[in-house]
Amino acid sequence: MRFKSAEVILTAKETGDRLSKKEPVSFSTGLDAAGTHIELDPGLKFQEMIGFCGAFTEAAAYSLSLVSPEKSAEVIKRYFDPVEGLGYRLGRTHINSCDFSLGNYTYVEEGDASLESFTIERERKLVLPLIHDAVKAAGSELSIVASPWSPPPWMKSNGEMNNGGTLLPEFEGAWAEYYSKYIDAMEKEGVAIWGITIQNEPEAKQVWDSCLYTGEEERDFIKNHLGPSLERNGHGDVKVIIWDHNRDVIFERASAVLADPEAAKYVWGTGNHWYVSEEFENLSKVHDAFPDKHLIFTEGCIEGGVQVGAWHTGERYARNIIGDLNNHLEAWIDWNLVLNEEGGPNHVGNYCDAPVIVDTVKDEVHYNSSFYYIGHFSKFIEPGARRIWSGVSSDRVSATAFENPDGRVAVVVMNAGDDKEDVSMAVSGSDEAVRLELPGHSIGTFVLS
């Protein structure tokens, strides 16, 4: 495969570039390798990309509802518009409440194991309108992943939604049916659920909505209850995602479920978060052991409140995206799409940062470095793109490369160092190359054609 030129899109801390189109560069012969050389082999292909997105939380929807309609529409367009925005095509939302809700809530009345009282009326107020606005801006349906943070309190060992606890055995059947009730209700509202996770962070006892599962408990719940329930209710095509937690023990937790054929037959793949660990190679361990299953990043955010203007936040996003993509990840979902000036609302004060912060007092919108860094992937690595082999000669930059369905190759390269880096790029076996210069603390996407 030979390329003639590369489009150049740059974001850099000091130059003011933010997803800025620069002058294209041409491939030519006789160029010496630069300080860092990137070699590409389009003949060696890996996973197919599904897409990128963030989470439709009640907090995100509420925050956007408090700014002017013009500002709200601008944010949605800059995320979801396929040309002028980041081209988001996925999404995540919560079944029942999560910490980024305005309070604890469920969809059924106390003790209603028959689920006759089931209603998602609460989501019609904020979450569903935001999803519908996003679909309109995207111009197509979104692939929505839904995750529970906790069953209703009366189904749990501790009698509350917060502070962990476990699902009581006598309610495993009812809880399994709950997922189908939710899927049916969302479909009636015009939102198809593409996938579900079993439990958000099943190994974390949080002061907010949480519920604990061992790997064996997750396996048995899927095998004996959730899998059969989904099939019985006509939802066998909904992707079932296990783990939905950190990378550190992803292989052990995935193995606990996927090593059992009777559980594995219901499972599409494994979800991971970035907290605790950046052991990206653990994803490859899961892929190598279970190559017919899939890998998806289901949550990551900057904890500790708002950090408007910070640059390390964007670099953390890119470092994790590149690390995961180079280890067989197929989809990447950020946490809250939007938060307010405090990094909330959050019903237990667990304030965080987001790529977009809206000041609901001043009616202002702040786009953080993470917004632009994510865009270097989501705008140029299209759904259906296949990762190709890329080799980087130094550890001063990191990179990943994908061949899009139209044959163009998008190479994302990050320089997180203080100094500029000279980079050369070539295809294996070719005598032609391009030379590039990446400023310190920058990220570039190079679209080869």
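Read the figures in this text as sums done on the coordinates, not as results from a lab. The structure displayed is predicted, hence computed values, not measured ones. Note that we place each Cβ from the backbone using ideal geometry, even for glycine, and neighbour counts take in every protein chain shown.
Work out the length of the dipole vector of the chain about its Cα centre, built from +1 on the beta-carbon of each Lys and Arg and -1 on the beta-carbon of each Asp and Glu, and round it to the nearest 20 debye.
Roughly 960 debye, rounded to the nearest 20.
By how many degrees, 0 to 90 and rounded to 10, does the Cα axis of helix 127-138 deviate from the longest principal axis of the chain?
Tilt relative to the chain: about 30 degrees.
For segment 1-43, what does the alpha-carbon gyration tensor say about shape, rounded, prolate or oblate, given a ≥ b ≥ c as the root eigenvalues, a/c under 1.5 as rounded, and a/b over b/c as prolate?
It is prolate, given that a/c is not under 1.5 and a/b is the larger ratio.
List the residues, sorted by chain then number, that are 5 or more residues from residue 95 or on another chain and whose placed amide H is less than 5 Å from its amide H.
Counting only residues 5 or more places away or on other chains, the set is 147, 149.
On full extension of the chain, what length is gained from residue 14 through residue 114, given 0.36 nm per residue of separation minus the C-alpha to C-alpha distance?
30.1 nm
At q = 0.09, 0.11 Å⁻¹, what log₁₀ I(q)/I(0) does a Debye calculation on the Cα points of the chain give, no solvent, two decimals?
Each listed q maps to, in turn, -0.57, -0.84.
Cβ neighbours within 10 Å, averaged per peptide: list 72-85, 49-62 in order, most packed at the top.
49-62, 72-85
By average Cβ neighbour count within 10 Å, what is the ranking of 301-308, 207-214, 318-325 from highest down?
318-325, 207-214, 301-308
Helix 69-80: angle to the longest alpha-carbon principal axis of the chain, degrees 0 to 90, nearest 10?
70
Collect residues whose amide H, placed 1.01 Å from N in the peptide plane, falls under 5 Å from the amide H of residue 297; neighbours closer than 5 in sequence don't count.
272, 330, 331, 332, 333
On full extension of the chain, what length is gained from residue 364 through residue 435, given 0.36 nm per residue of separation minus the C-alpha to C-alpha distance?
Here the answer is 21.6 nm.
List the relative contact order of the chain as a percent without decimals, with contacts defined as Cα pairs under 8 Å and 6+ residues apart.
Relative contact order comes out at 24 percent.
Could you go through segment 86-100 in sequence order and give the Karplus-derived ³J(HN,Hα) for each residue, using 6.51 cos²θ - 1.76 cosθ + 1.60 with θ = phi - 60°, rounded to whole Hz, and x for Gly and Pro?
3J(HN,Hα) across segment 86-100, in whole Hz: 7, x, 4, 10, 10, x, 9, 9, 9, 8, 6, 7, 9, 5, 8.
If r is the Cβ-Cβ distance from residue 28 to residue 237 and R0 is 51 Å, what FRET efficiency results, to the nearest 0.05?
FRET efficiency, residue 28 to residue 237: 0.55.
With labels modelled as points extended 7 Å from the Cα through the Cβ direction, what inter-label distance (nm, one decimal) is found for residue 170 paired with residue 389?
5.9
If amide hydrogens are placed 1.01 Å from N in the peptide plane, which non-local residues have theirs closer than 5 Å to the one on residue 206?
163, 164
Between residue 45 and residue 281, with labels modelled 7 Å along Cα→Cβ, what's the label distance in nm to one decimal, could you check?
Each label point is offset 7 Å from its Cα along the Cβ direction, giving 2.8 nm.
Can you run phi through the Karplus equation (6.51, -1.76, 1.60; θ = phi - 60°) for segment 331-345 and list ³J(HN,Hα) in whole Hz, with x for Gly and Pro?
With the stated coefficients, segment 331-345 comes to 8, 9, 10, 5, 7, 3, 4, 8, 9, 8, 4, 8, x, x, x Hz.
With unit charges on the beta carbons (Lys and Arg positive, Asp and Glu negative) and the dipole taken about the Cα centre of the chain, which residue among 130, 241, 251 sits farthest to the positive side?
Looking along the dipole axis, the top candidate is 130.
Rounded, prolate or oblate: which fits segment 331-426, taking a ≥ b ≥ c as square roots of the Cα gyration tensor eigenvalues, rounded meaning a/c under 1.5, else prolate when a/b beats b/c?
Cα axes put segment 331-426 in the prolate bin.
HN-Hα J couplings of segment 111-122 from phi, Karplus 6.51/-1.76/1.60, θ = phi - 60°, integer Hz, Gly and Pro as x?
Each residue's phi maps through the Karplus curve to give x, 7, 5, 6, 6, 5, 8, 4, 7, 9, 3, 4 Hz.
Kindly identify segment 108-192 as rounded, prolate or oblate by the Cα gyration tensor criterion: order the square roots of the eigenvalues as a ≥ b ≥ c, call it rounded if a/c is under 1.5, otherwise compare a/b with b/c, prolate if a/b is larger, else oblate.
prolate
Per residue of the chain, what 222 nm ellipticity follows from adding -39500 (n - 2.57) for every DSSP H run with n ≥ 4, rounded to the nearest 500?
-7000 deg cm²/dmol
May I ask you to derive the relative contact order of segment 114-208, considering only C-alpha pairs under 8 Å and at least 6 residues apart, and to give it as an integer percent?
Here the relative contact order equals 37 percent.
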